[in-house]
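The values are calculated or read from the model by the stated rules, or taken from the named source; none is laboratory data. Please read these numbers as outputs of a predicted model, since none were measured by experiment. In this analysis, Cβ positions are derived from the backbone assuming ideal geometry, glycine residues included, and neighbour counts consider all displayed protein chains. We work out accessible area using only protein heavy atoms, side chains counted, and drop any ligands, DNA or RNA first. Shrake-Rupley method; radii C 1.70, N 1.55, O 1.52, S 1.80 Å.
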Amino acid sequence: MTNNLAGLLAVTITADPTRPLLTWYDDASGDRTELSGATLANWVAKTANLVVDGAGAAAGDHAEVILPPHWQTAAVLLGCWSAGLAVRATGLAAETGQAETGPSEPAAEVQFATTDTQPAADRRPAGERYLLGLAPMAMPARDVAPGWVDYITEVRGHGDHFTPYPAVDPQDAQLAARAVRRGADLGIPPGARVLVDVDRYPDPVDWLLAPLAVEASVVLCRHLDRRLLDARADSEKVDHILT
């Protein structure tokens, strides 16, 4: 068990980095992406290096993540937490004070948004801005507005390894503890494979941190076609369903 967010992923993949850790489905687009623990850790390391070396962010700075549930969102969140940033994220409940930005919040050193959320993000002060297309096969965004940089293009050029910084924001430990409690509330068995309807559970604590806190792997489903639920749970060897 760890009391910091960056450690949740490390603990989860220690036993077998090659096992599927995060599988993504979008039943509207037909997209499916599967990441092993090692592959997700690589994306997380690249993202942490991006925010530190590319955006110049330092531990304790703020990151704003205006993204829906997605496997790339998982990499962004865990990468920012690895770099010691205080994260304000879409869907993150306000219990720890790390939810969406308000008028009194400090400007973000780094900001992540999609094409849909970019206009709203433009109205908020930020340093470096990264756009995510969330396209299948991790393709770059097609149209990148002035003042923004394509996340996929930029993150690929950064290093594959990153040693997480010590957490300087007390909310880091608070959020890690909340993930443990939420895992118990949701009844997620330790080490299970969990299918999550992310449209019903959009809080990153539910679809990302709570499973990691009990060393579970996740099958994330957006626009879930419930006619496929039983077959998918069987094919993905699911132990627990959150729909």
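Please go through region 53-67 and give me each residue that is open to solvent by less than 30 Å² (accessible area, probe 1.4 Å) and either over 13 Å from residue 112 (Cα atoms) or of a type outside the set (Asp, Glu) (or both), ordered by number. Break it down into steps so the answer makes sense when it comes.
At the first step, the residues of region 53-67 found to be open to solvent by less than 30 Å² (accessible area, probe 1.4 Å) are 55, 57, 63-67.
55, 57, 63, 65, 66, 67, listed by residue number.
Please work out if residue 16 is over 15 Å from the mean Cα position of the chain (by Cα) and touching a residue at least 60 places away in the same chain (Cβ under 8 Å). Can you show your working first?
Numbers: over 15 Å from the mean Cα position of the chain (by Cα): yes; touching a residue at least 60 places away in the same chain (Cβ under 8 Å): no.
Here the answer is no, as residue 16 does not meet what is asked.
Tell me whether region 114-123 contains one or more residues that are within 25 Å of residue 11 (Cβ to Cβ), modelled with pLDDT of 95 or more and touching a strand residue (DSSP E or B) at 6+ places or on another chain (Cβ under 8 Å).
Keep residues of region 114-123 that are within 25 Å of residue 11 (Cβ to Cβ), which gives none.
Scanning region 114-123 turns up no residue that is within 25 Å of residue 11 (Cβ to Cβ), modelled with pLDDT of 95 or more and touching a strand residue (DSSP E or B) at 6+ places or on another chain (Cβ under 8 Å).
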Leading residue by the ranking (farthest from residue 63 (Cα to Cα)) among those in region 183-196 that are of a type outside the set (Gly, Ala, Ser), open to solvent by less than 70 Å² (accessible area, probe 1.4 Å) and not in a strand (DSSP E or B): 189
What pairs can you find where one residue is in region 27-47 and over 20 Å from residue 236 (Cβ atoms), the other is in a loop (DSSP other than H, G, I, E, B), and their Cβ atoms are less than 6 Å apart, with a gap of 6+ or different chains? 42/160; 45/160; 45/161; 45/162; 46/158
How many residues does region 145-163 contain that are open to solvent by 60 Å² or more (accessible area, probe 1.4 Å), part of a loop (DSSP other than H, G, I, E, B) and of a type outside the set (Gly, Ala, Ser)? 5
Listed residues 110, 87, 149; which is touching a Cys at 6+ places or on another chain (Cβ under 7 Å) and either in contact (Cβ under 8 Å) with a residue 12 or more places away in the chain or farther than 22 Å from residue 223 by Cβ (or both)? 87
Condition (residue is farther than 24 Å from residue 224 by Cβ, at pLDDT below 95, open to solvent by less than 20 Å² (accessible area, probe 1.4 Å) and part of a helix (DSSP H, G or I)) applied to region 91-98: is it met by at least one residue? yes
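Being of a type in the set (Asp, Glu) and open to solvent by 50 Å² or more (accessible area, probe 1.4 Å) is true for just one of 172, 199, 203. Which residue is that?
On the way: 172 fails: open to solvent by 50 Å² or more (accessible area, probe 1.4 Å); 203 fails: open to solvent by 50 Å² or more (accessible area, probe 1.4 Å).
Residue meeting the stated conditions: 199.
Could you pull out the residue among 8, 40, 78, 35 that is open to solvent by less than 10 Å² (accessible area, probe 1.4 Å), part of a strand (DSSP E or B) and within 19 Å of residue 194 (Cβ to Cβ)? If you could, list the steps in order and put the result at the bottom.
Details: 8 fails: part of a strand (DSSP E or B); 40 fails: part of a strand (DSSP E or B); 78 fails: part of a strand (DSSP E or B).
Exactly one residue qualifies, and that residue is 35.
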